[in-house]
Amino acid sequence: MLQPINVGHKSLADYATLVGPTLMGELGALAEPLRGRRVLNLSATAFGGGVAEINYTLVPLMRDAGLDVEWRVIGGQDEFFEVTKAIHNALQGSPEGLTDAQAEIYRLYNRRNAAELEGEYDFVIVHDPQPAAVIEHARASGRHWIWRCHIDLSTPNPSAVDLLAPWWRAYDAAIFHRPEYVPATEGLPTSYIWPPAIDPLAPKNMALSPEDARYIIDQFGIDVDRPLLTQVSRFDPWKDPLGVIDAYRLVRDVYPGTQLALVGSMAHDDPEGWDFYNQTVAYADEDPDVFILSNLNNVGSVEVNAFQVVSAAVIQKSIREGFGLTVSEALWKARPVVGGRAGGILSQIRDGETGYLVDSARGCAEACLAVLADPDRARAMALAGKEDVRRRFLMPRLLRDWLVLFNRLDGNDVGAAELTTVEESR
Ligand code: UDP
């Protein structure tokens, strides 16, 4: 239980020319009063999904800014992760509520993990619902506790909100991607709204030449001379891979050579993943132009990068989506993006200006067809989207938001540095 995660080293200075001097100067000033502060990140997995993706960069960059930062992953048997997936689904609006037995399993594993927490921290950042109840048994280990929510809480099942609310109330601050995610429940701590970010220098997002990308993609049996549509995401019903297959079939009716890649890793805290992976494979019905790949096919970060670079359009057809890092990842590579009109995707795509927002398989297909019919226009839109990502969704901006919050909680004067609370954003 409570495994420490090794994240390696990163240097903030490497990002200077990508984000500009103003932000870099601000980061220096914000970091100064926080030197040596101890920070603990608690999350459910170090592999697969957005939280892991963010922490592998944010933790080393916070360290480079002078803070003493750890990241630990909570432990549990399958029964625990089955329950936390049910909680995740209920928070995203699934009609299935939670049983008392499930709630008890959730409490039990949170208590066990809390018992292993050693040391004293200035700030404890708890990511998502899985470890949210650790605070009950470990409050004294941290001066300030912050709950960081990464999921789409816009239409939650009330049973999940009722289960978690008593723990949420114990935190000193909470952070959500969008204002409509803040649960309508009494007594929440001050809730801030800020989006996550991608790492432009990570192997997932670093510049990869079209030649190298084609060389990589060719190794998966894909014909790089024919159009490729790609969705990169966990095998999860909320990501709607079956809808993506429907859309691909409609596109193929018009452009018969079109291929589809569904690239999805299996997160350790996602026991549903395999079932849904099998359902997706069955739905593809042995179509030789549909490629369903995962980390088991050696699709790591560089390969995801290559898929995004080579694709005619990158799809993220989610029905619920906390943020959807894959959208910013694709826009950063100036690829045309077709996204579901859901949650955090709305923050990243300006419909018709930087990409396409869709509500159905047919809408998704029509957007892909528009991209294939006029690739120059689609690319111009994606380039505009890339500049949005540079301003709003790169990691130094996320680091800034955290440093402002730490300073506020510590009572330090942060001058004009702003953060948006949910009240201000409404
Ligand atoms: N990802 C990956 N390989 C995969 C599937 C996903 O590297 O096979 C990455 C993806 O590139 C992104 C993250 O996992 O960085 C998923 O984050 P997102 O916010 O899109 O969704 P989440 O999984 O957090 O719901």
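Within the group LEU58, LEU108, which residue is surrounded by fewer than 21 Cβ atoms within 10 Å (Cβ to Cβ) and not in a loop (DSSP other than H, G, I, E, B)? Please lay out each step first, then the result.
Values: LEU58 fails: surrounded by fewer than 21 Cβ atoms within 10 Å (Cβ to Cβ).
On inspection, the qualifying residue turns out to be LEU108.
Okay, residues lined up against (1) surrounded by 20 or more Cβ atoms within 10 Å (Cβ to Cβ); (2) touching an Asp or Glu at 6+ places or on another chain (Cβ under 8 Å); (3) within 26 Å of LEU346 (Cβ to Cβ):
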| position | (1), (2), (3) |
| --- | --- |
| PRO179 | no, no, yes |
| PRO189 | no, yes, yes |
| TRP194 | yes, yes, yes |
| ALA207 | no, no, no |
| TYR215 | no, no, no |
| ASP218 | no, no, no |
| ASP223 | no, no, no |
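Search segment 349-368 for residues being assigned to a helix (DSSP H, G or I) and in contact with a helix residue (DSSP H, G or I) (Cβ under 6 Å, 6 or more places away or on another chain), and hand back the single one that is most open to solvent (accessible area, probe 1.4 Å). Give the derivation first.
So in segment 349-368, the residues assigned to a helix (DSSP H, G or I) come out as 361-368.
From the residues that got through so far, the ones that are in contact with a helix residue (DSSP H, G or I) (Cβ under 6 Å, 6 or more places away or on another chain) too are 361, 364-365, 368.
Values: ALA361: 24, CYS364: 0, ALA365: 3, CYS368: 1 Å².
It comes out as ALA361.
The lone criterion from (1) assigned to a loop (DSSP other than H, G, I, E, B); (2) open to solvent by less than 30 Å² (accessible area, probe 1.4 Å); (3) away from the ligand (no atom under 11 Å from the Cβ) left unmet by VAL244 is number (1). Considered as a group, the residues in segment 157-189 that are within 16 Å of the ligand (Cβ to nearest atom) and either out of contact with any Phe, Trp or Tyr (no Cβ under 8 Å at 6 or more places or on another chain) or among the hydroxyl-bearing types (Ser, Thr, Tyr) (or both) include one that is farthest from PHE323 (Cα to Cα), and that residue is TYR181. Residues in segment 247-270 that are in contact (Cβ under 8 Å) with a residue 40 or more places away in the chain and in a loop (DSSP other than H, G, I, E, B) were compared, and the one that is nearest to the ligand (Cβ to nearest atom) is SER265.
Listed conditions (1) open to solvent by 10 Å² or more (accessible area, probe 1.4 Å); (2) under 22 Å from MET1 (Cα atoms); (3) away from the ligand (no atom under 13 Å from the Cβ) are all met by ARG63, apart from (2). Does segment 376-426 hold any residues that are without any contact (Cβ under 8 Å) to a residue 60 or more places away in the chain, surrounded by fewer than 16 Cβ atoms within 10 Å (Cβ to Cβ) and of a type in the set (Lys, Arg), and which are they? Listed by number, the residues that qualify are ARG377, ARG379, ARG391.
Of the residues making up segment 248-262, those that are closer than 28 Å to GLU53 by Cα and either of a type in the set (Gly, Ala, Ser) or open to solvent by 10 Å² or more (accessible area, probe 1.4 Å) (or both) number 1.
If you go through segment 111-142 and pick out every residue that is surrounded by 17 or more Cβ atoms within 10 Å (Cβ to Cβ) and assigned to a loop (DSSP other than H, G, I, E, B), you end up with 5.
Quick one: which residue in ASN278, ASN297 is within 14 Å of the ligand (Cβ to nearest atom), at pLDDT below 95 and farther than 24 Å from TRP194 by Cβ?
Working: ASN278 fails: within 14 Å of the ligand (Cβ to nearest atom).
Exactly one residue qualifies, and that residue is ASN297.
I'm trying to understand the selection: among the residues of segment 25-62, which are at pLDDT below 95 and of a type in the set (Ser, Thr, Tyr)? The answer is THR45, and nothing else. Go through the residues of segment 310-331 one by one and say whether even a single one is within 14 Å of the ligand (Cβ to nearest atom) and more than 19 Å from the chain's Cα centre (by Cα). So far as segment 310-331 goes, yes, one or more of its residues are within 14 Å of the ligand (Cβ to nearest atom) and more than 19 Å from the chain's Cα centre (by Cα).
The values are calculated or read from the model by the stated rules, or taken from the named source; none is laboratory data. It should be emphasised that the depicted structure is a prediction, and the values quoted were computed from it without experimental measurement. So basically every Cβ, Gly included, is an ideal-geometry build from the backbone, and we count neighbours across all protein chains shown. Heavy atoms of the whole protein, side chains included, go into the accessibility calculation; ligands, DNA and RNA do not. Shrake-Rupley method; radii C 1.70, N 1.55, O 1.52, S 1.80 Å.
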